[in-house]
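Structure record follows, encoded as C-alpha cells.
The values are calculated or read from the model by the stated rules, or taken from the named source; none is laboratory data. Because the structure is predicted, anything quoted here is derived from the model rather than measured. Ideal geometry is used to build each Cβ from the backbone, glycine not excepted, and the neighbour counts take in all protein chains shown. We work out accessible area using only protein heavy atoms, side chains counted, and drop any ligands, DNA or RNA first. Shrake-Rupley method; radii C 1.70, N 1.55, O 1.52, S 1.80 Å.
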Amino acid sequence: MQKQIFNSAIGENYTLYTYPCGFKVYILNKSTYNSSYAIFGTKYGSIDNCFSVKNGEKLTVPEGIAHFLEHKLFESEDGDAFSKFAKTGGSANAFTSFDRTCYLFSCSERFYENLDILLDFVRHPYFTEQTVNKEQGIIGQEIRMYDDNPNWCVFFNVLKALYNEHPVRIDIAGTTDSISEITPKYLYDCYNTFYDLSNMFLCIAGNVNEEKIIKAVNKIVDTDSKKEITRIFTKEESTVNQKYIEMKHSVSMPLFTLGYKLPAEKELTLKEKIVYSAALDILSGECSTLYKKLTDLELVNDEFDSELLCGNGYAAVLISGESKSPKTVQEEINNEIENIVNNGYEEKLLDAVKRAMYADAVRRFDSTENVVMQMVESAVFDYEMFEELEIIKNISYYDILECLKTLNKDNSSLSVVTQK
Amino acid sequence: MQSSFNSKSYEILHIPYSGFHSDLFSVNFFVPLKRETVSSYALVASILTTCSKEFKDYRELNIKLSSLYGADMASIVTKVGDYLCIKFSISTIKDLYAFNGEKPMEEAIRLLLGQIFKPNFENGVFCENDIKRESRILIEHIESELNNKRLFARAKMIENMFCDEDYGTFRYGNVKSIKALTAQKLKNAWQEMLSTAFVKINVIGEKLSNSLLAEIDCLFDGLNRENIVERNITKPAKLPTDVKTVTEHYEVAQGKLVMGFNSAQGNDKETVSTLVMCDIFGGGPYSRLFTNVREKLSLCYYCSAYAIRNKGFIMVDSGVESNNAEVAQKEILNQLNAVKNGEFTNSEFEASIKGIKDTLLASYDNLNALDAWYTTRAMEENCMSPKELASAVEKVTKEEVITAAKAVVLNTVYKLMPKEEK
C-alpha cells in the first residue's frame with residue numbers, strides 16, 4: 001500500500017492511500033469540526049451500458065441499471081442499511097451520475113461504526129425477483145417526478161441533441177420501459193463487474209483518526225488483483241445530432257440550454273477544465289458585458305448560468321437560463337464569443353475571476369461534504385486536489401482566448417422548454 | 001460565544017469560530033409580515049444588492065465583489081413566524097488567505113453597509129431603471145415558482161391553510177402588488193425598514209474592528225429608531241373548524257399531496273417534543289412515513305414531514321400517482337394515529353433522537369447554517385444554541401412524544417393533480 005501526504009499553503013492537508021489492487025482511500029482531517037462525511041463509491045455510472053471483462057463476452061444492459069442498482073444495494077437479507085444507520089445516528093444517502101455511483105453518510109458521533117456499515121452494505125448485494133419488482137414501482141415514480149421538472153428536461157434534451165450515440169444522452173434513471181427489463185441477473189452482472197475494489201474509492205473528511213480508518217479498510221481489502229474492465233461505446237460523430245430541440249411543459253416562461261459540443265477523444269486535463277470555468281465566467285458570468293447586455297435587454301434573469309460537462313467520451317459547454325427569446329440569446333452568445341476571440345476582453349476581468357475562483361477553491365475546504373466531493377473528482381479523474389490552487393493563479397489571458405475558440409456555433413444545439 | 005446589545009437598538013451577535021477559511025457578516029431586519037407590504041420589502045432588498053450610490057452599475061459592483069475574492073453578497077427575504085426577515089449578508093475569505101496582505105472581509109462589510117444605507121437615488125428616490133430591472137426579475141421569480149411543482153404545491157397548501165392570515169402570502173407578494181410599486185413607495189419602505197425594524201447583526205469569524213463598530217453605530221445614529229418592532233408577536237396557526245380540502249389540476253405527470261396540521265408553536269418543551277414526534281412520523285428513512293407509505297405500500301416516491309416551529313404547524317408533502325392520492329392520504333393519517341397511540345418502537349424513537357442531535361451538531365460546521373440558526377431565532381427571548389437544543393432533545397420521553405402527537409390536528413389538504421383527471 002502506498003501512502004502519500006499532500007500539503008497546501010491554505011493549512012489543509014490530506015493523505016492518499018493506494019492499495020496494490022488500485023483501491024484509493026482519501027482522508028482529510030478537520031479536528032475542529034463536529035461532523036464527518038464519507039463516500040464509498042465506484043467508477044460506474046449511467047453511461048456504462050456496454051462492457052466486457054478481460055476482453056470477454058460483451059454485455060449490454062438495460063438503461064438506468066446503475067441507478068437501479070444503487071437503490072437495491074441498501075437492501076439485504078437481514079433488513080436495510082437505513083435501519084442500521086438509524087441505530088448509530090448516521091445520515092445516509094446515495095447518488096448515481098453519468099460516471100460514478102456514491103454511497104455516503106454523515107455523522108457527528110460513532111463514525112467508525114457508521115463506516116463499518118457503509119463498507120459492509122455496499123459489498124453485499126442481495127437481489128431477488130420480488131425486491132426488483134417492488135423497486136420498479138418506486139423508481140417509476142421517481143422518473144415521473146423528474147418528468148415534471150422542466151430544468152431536468154431541458155438539460156437532458158440538450159444532451160439528446162448534442163449526442164447521436166453516446167449514452168450520456170440517456171436519462172440516468174432510464175425509462176419505465178427500460179427498467180422493466182432489469183432482472184436480478186443483470187444486476188449481479190453489473191455489480192460483479194464494477195463493484196470491485198480496483199474500480200472503487202473511499203473519501204473521508206472530518207474529525208477522524210486515520211489509523212482507525214485504515215484498520216477498518218484493511219479488513220475488506222482481500223486481494224491485490226485488478227479487474228480489467230473494458231467500457232464499450234459506439235463511435236460518436238464529432239457533429240451534433242440536431243441543432244434544435246423543443247418540448248412543451250407547464251412553465252411560466254421558456255427555459256433554455258445552449259450546448260457546444262467539444263472534441264472528446266481524449267479526456268480534458270485538470271488545467272483545461274479550470275480554464276473553461278474561467279472562460280465561461282468571463283464570457284457569460286455576472287461580471288461579463290454579455291450578462292449586462294442580456295439583462296438590460298430583458299432577455300435573461302439571475303438564473304443565467306454556465307458549466308462544463310465532461311467525462312469518458314463526452315465534453316460540452318452548457319449555457320442555460322430562462323428567457324422569452326432563447327434564440328435571440330443564442331445569437332447574442334455567439335456574437336460575444338466571436339467578439340472576444342477577435343477583439344479580446346478587459347484584463348481586469350481575468351484578475352477578478354481568478355481571485356473569485358481561488359477563493360471558491362479555498363472555501364470548498366470549509367465543508368466536509370464539498371471537500372469529499374472534490375476528493376471523488378480526484379479519484380475518478382486521477383489528479384491531486386491542491387493542484388487546482390496553483391493552476392488558477394497561472395491562468396493567462398491567452399488561455400481564455402484559446403479556450404473560447406473551441407466554442408463552435410456550427411457545432412452547437414439549443415434545447416428549449418416552452419409553455420404549453 | 002458573545003452577544004452584545006447596543007443602546008441604539010440593534011443587536012450584534014459574534015460567534016468567534018476560527019475553523020472556516022471565510023467569515024460571514026449579515027444584517028437582518030425584522031418587520032411585521034403584512035400582505036400589503038411584502039412586495040415592497042422584497043423589491044427594496046433586490047435593488048439594494050444590485051446597485052448603490054457608490055456602485056450605480058451592477059456590472060461594476062459584480063467586478064468589485066469578484067475582486068474581493070468572490071465575496072458572496074446576497075439578500076434573502078423569508079417569513080419567520082409573523083415577521084418578514086430581510087437579510088443582507090456578505091462572506092469572503094479571511095485575510096490570512098488573501099494574496100497581498102489585503103483585508104477582503106473588512107472591505108466587503110463596508111461595501112455591504114454602503115449598499116444598505118446609501119442607495120442609488122435619483123431625485124431623492126430609487127432610480128427608475130433599477131426599479132424596472134429588479135421588478136422584472138422579481139416577477140419572473142414569482143412566476144417561475146410554477147416550474148418546481150413540489151415547492152409550488154407546498155406554497156399553495158400554505159396559502160390555503162393561512163388564507164385569512166398574512167402568513168398565507170408568498171414572501172415576495174404577487175405580480176400585481178409589485179407592478180403597483182412606485183419609487184416613492186419603495187423609498188418609504190426602505191426608510192420604514194431602517195427606522196422600525198428589529199435589527200440583528202450576525203458576525204461569524206473574526207470580530208469586528210473598533211473602527212467598523214464605530215461606523216455601524218454612526219449609521220444607526222442618523223436614524224430615528226424610537227418605535228422598533230417588538231419581539232414575540234407570532235401567533236400559532238388558527239385551529240380549523242373543518243378540514244379544508246383543495247384540489248387543483250395542472251399539466252403534471254405526478255400528483256402532489258400536501259397536508260397541513262396544527263401543532264405546538266414557540267420555543268418551549270412542547271415544541272422540542274413536537275420536533276422529535278415529527279421526525280418519528282416523517283423525518284428520515286427510519287420514519288413511519290418512509291417505511292410504510294413509501295417502502296411497504298409503494299404509494300409515494302417521497303413522503304416527508306416538517307415541523308415549522310415558529311408558526312406552529314407541520315407539513316407533510318408527497319409525490320403520488322393520482323389514483324393513489326386518497327389511499328396515501330388515509331395511510332399518512334393512519335401513521336399519525338399510530339404515533340398518537342404510541343405504536344412506535346424504541347428503535348424508531350432512539351433513531352430520531354440521534355438523527356436530530358446529529359443534524360444540530362453539524363450546523364456548527366457550516367457558516368450559512370449558523371447564520372440561519374441565529375436569524376430564525378432572533379425574535380425569541382430565549383434562544384437556544386444548537387447544542388442546547390440537542391441536549392433538550394435527548395431528554396424528551398416517549399410519553400412526551402405521544403402527548404405532542406395528540407395535539408396535532410389536520411387543518412388543510414392540498415392536491416395538485418394531472419389535468420386529465422378533471
Completion exercise
The set of cysteines in chain B having no other cysteine's C-beta under 4.7 Å reads B:CYS51, B:CYS85, B:CYS127, B:CYS163, B:CYS218, B:CYS278, B:CYS383
Exercise for the section: Would you tell me the accessible area of B:TRP190, worked out with a 1.4 angstrom probe on the heavy atoms of the protein chains, in Å² to the nearest 10? Expected result: 30 Å²
Practice task
Report the antiparallel proportion of the DSSP beta bridges in chain A as a percent, rounded to a multiple of 5.
Solution key: 85 percent
Fill in the blank from the handout: Within the stretch B:58-131, DSSP-loop chymotrypsin sites (Phe, Trp or Tyr not before Pro) with at most 14 other C-beta atoms within 10 Å are B:PHE99
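Identify the GluC sites (Glu not before Pro) of the stretch A:1-93 meeting these criteria: DSSP loop state and at most 14 other C-beta atoms within 10 Å of the C-beta. It would help to have the intermediate numbers written out before the result.
On the way: sites: A:GLU12, A:GLU57, A:GLU63, A:GLU70, A:GLU75, A:GLU77; in loops: A:GLU12, A:GLU57, A:GLU63, A:GLU77.
Here the GluC sites (Glu not before Pro) that fit, given the DSSP loop and packing criteria, are A:GLU57, A:GLU77.
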Problem - Within chain B, helix-based [θ] at 222 nm, where runs of 4 or more DSSP H residues each add -39,500 (n - 2.57), nearest 500 - result: -13000 deg cm²/dmol
Practice task
With θ set to phi - 60°, apply the Karplus curve 6.51 cos²θ - 1.76 cosθ + 1.60 along the stretch B:143-160 and write out the HN-Hα couplings as whole Hz, x wherever there is a Gly or Pro.
Solution key: 5, 7, 4, 4, 5, 9, 5, 5, 5, 4, 5, 5, 5, 5, 4, 5, 4, 6
Handout entry: Mean separation of Cα contacts under 8 Å (6+ apart) over length of chain A, as relative contact order %
Key = 22 percent
Exercise for the section: For the stretch B:64-144, just the Cα atoms, rotate onto the principal axes and tell me the three extents in Å, largest first. Expected result: 43, 37, 24
Completion exercise
One finds, for B:ASP166 and B:LYS269 with R0 = 30 angstrom and r their Cβ-Cβ distance, a FRET efficiency to the nearest 0.05 of 0.60
Problem - Between the stretch B:41-71 and the stretch A:112-184, the Cα center-to-center distance that results, in Å - result: 42 Å
Practice task
Could you tell me which of rounded, prolate or oblate describes the stretch B:284-349, using a ≥ b ≥ c as the square roots of the eigenvalues of the alpha-carbon gyration tensor, with rounded for a/c under 1.5 and, failing that, prolate when a/b is larger than b/c and oblate otherwise?
Solution key: oblate
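Mean separation of Cα pairs under 8 Å and 6+ residues apart, divided by the residue count of the stretch A:42-139: what relative contact order is that in percent?
Working: 126 pairs, mean separation 30.5, N = 98.
Relative contact order for the stretch A:42-139 comes out at 31 percent.
Taking all protein chains in place and a 1.4 Å probe, what share, in percent, of the accessible surface of the stretch B:256-393 do carbon and sulfur account for?
50 percent
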Handout entry: Solvent-accessible area of B:HIS249 with every protein chain in place, 1.4 Å probe, in Å² to the nearest 10
Key = 50 Å²
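Using the crude model of +1 on Lys and Arg Cβ and -1 on Asp and Glu Cβ, and no other charge, please compute the dipole size for the stretch A:42-197 relative to its Cα centre, in debye to 20.
Working: 14 positive and 24 negative charges, 60 e Å.
Charge dipole, the stretch A:42-197, about its Cα centre: 280 debye, nearest 20.
Tell me whether the stretch A:133-173 comes out rounded, prolate or oblate; compute the Cα gyration tensor, take square roots of the eigenvalues as a ≥ b ≥ c, and use a/c under 1.5 as the rounded threshold. Write down the numbers at each step before the final one.
Numbers: a/c = 5.07, a/b = 1.67, b/c = 3.03.
Cα axes put the stretch A:133-173 in the oblate bin.
Please compute the contact order of chain B in relative form: average sequence separation of alpha-carbon pairs under 8 Å and at least six residues apart, divided by the residue count, as a percent.
Details: 763 pairs, mean separation 87.2, N = 422.
Computed value for chain B: 21 percent relative contact order.
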Practice task
Be a star and scan the stretch A:39-74 for residues whose amide nitrogen sits under 16 Å from the point 7 Å along the Cα-to-Cβ vector of A:ILE138.
Solution key: A:65-74
Exercise for the section: Would you mind getting the accessible area per residue of chain B, heavy atoms of the protein chains only, 1.4 Å probe, in Å²? Expected result: 40 Å²
Practice task
At 1.4 Å probe size, with no ligands or nucleic acids counted, give the accessible surface of B:THR376 in Å², nearest ten.
Solution key: 50 Å²
Practice task
Determine the share of the stretch B:41-98's accessible area contributed by carbon and sulfur atoms, expressed in whole percent, with a 1.4 angstrom probe.
Solution key: 51 percent
Handout entry: Environment charge at A:ASN339 (Cβ cut-off 13 Å; Lys +1, Arg +1, Asp -1, Glu -1)
Key = -2
Problem - the protein assembly as shown - share of DSSP beta bridges that are antiparallel (%, nearest 5) - result: 80 percent
Completion exercise
For A:VAL208, other-chain or 5+-apart residues with amide H closer than 5 Å (H placed, Pro excluded) are A:LYS30
Problem - Separation of the B:THR247 and A:SER8 label points, Cα + 7 Å toward Cβ, nm - result: 5.4 nm
Practice task
Provide A:SER108, B:SER26 ordered by accessible surface of protein heavy atoms (probe 1.4 Å), highest first.
Solution key: A:SER108, B:SER26
Handout entry: Virtual spin-label span in nm between A:GLU387 and A:MET247, 7 Å along Cα→Cβ
Key = 3.6 nm
Problem - Mean projection area, nm², convex hull over Cα of the stretch B:1-94 - result: 7.8 nm²
Exercise for the section: Return the ratio Rg/(2.2 N^0.38 Å) for chain B, where Rg is computed over Cα atoms only. Expected result: 1.05
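Given the stretch A:235-360, what whole percent of its Cα pairs are spread farther than 27 Å? Each step should come with its number before you reach the end.
Numbers: 1774 of 7875 pairs.
Roughly 23 percent, once rounded to a whole number.
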Practice task
Any chance you could check the stretch A:112-150 for residues losing 50 Å² or more of accessible area when the partner protein chains are in, compared with the chain on its own (1.4 Å probe)?
Solution key: A:LYS134, A:ILE138, A:GLN141, A:ARG144, A:MET145, A:ASP148
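Treating only the Cβ atoms of Lys and Arg (+1) and Asp and Glu (-1) as charged, compute the dipole magnitude of chain B about its Cα centre; round to the nearest 20 debye. Show your work: numbers first, answer last.
Values: 51 positive and 55 negative charges, 130 e Å.
It works out to roughly 620 debye.
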Problem - Options B:PRO386, A:PRO167, A:ILE65, ranked by Cα towards positive dipole end of the protein assembly as shown, top entry (Cβ charges) - result: B:PRO386
Practice task
Using DSSP to define loop residues, name the chymotrypsin sites (Phe, Trp or Tyr not before Pro) in the stretch A:158-259 whose beta-carbon has at most 12 other beta-carbon atoms within 10 Å.
Solution key: none
Fill in the blank from the handout: Expressed in nanometres to one decimal, the distance between label points 7 Å along Cα→Cβ at B:GLU399 and B:ASN210 is 5.7 nm
Exercise for the section: Calculate the radius of gyration of the Cα atoms of the protein assembly as shown to one decimal place, then report Dmax, the largest Cα-Cα distance, as a whole number, both in Å. Expected result: 27.0, 82
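Please report the buried accessible area for the interface of B with A, total over both chains, probe 1.4 Å, in Å² to the nearest 100.
5500 Å²
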Handout entry: Full-stretch length increase - A:ASN339, A:GLU237 - with 0.36 nm per residue and alpha-carbon distance subtracted
Key = 33.9 nm
Practice task
Just name one of A:ASN394, A:VAL25, A:THR328: the one whose Cα is farthest towards the positive end of the charge dipole of chain A (beta-carbon charges, Lys/Arg +1, Asp/Glu -1).
Solution key: A:VAL25
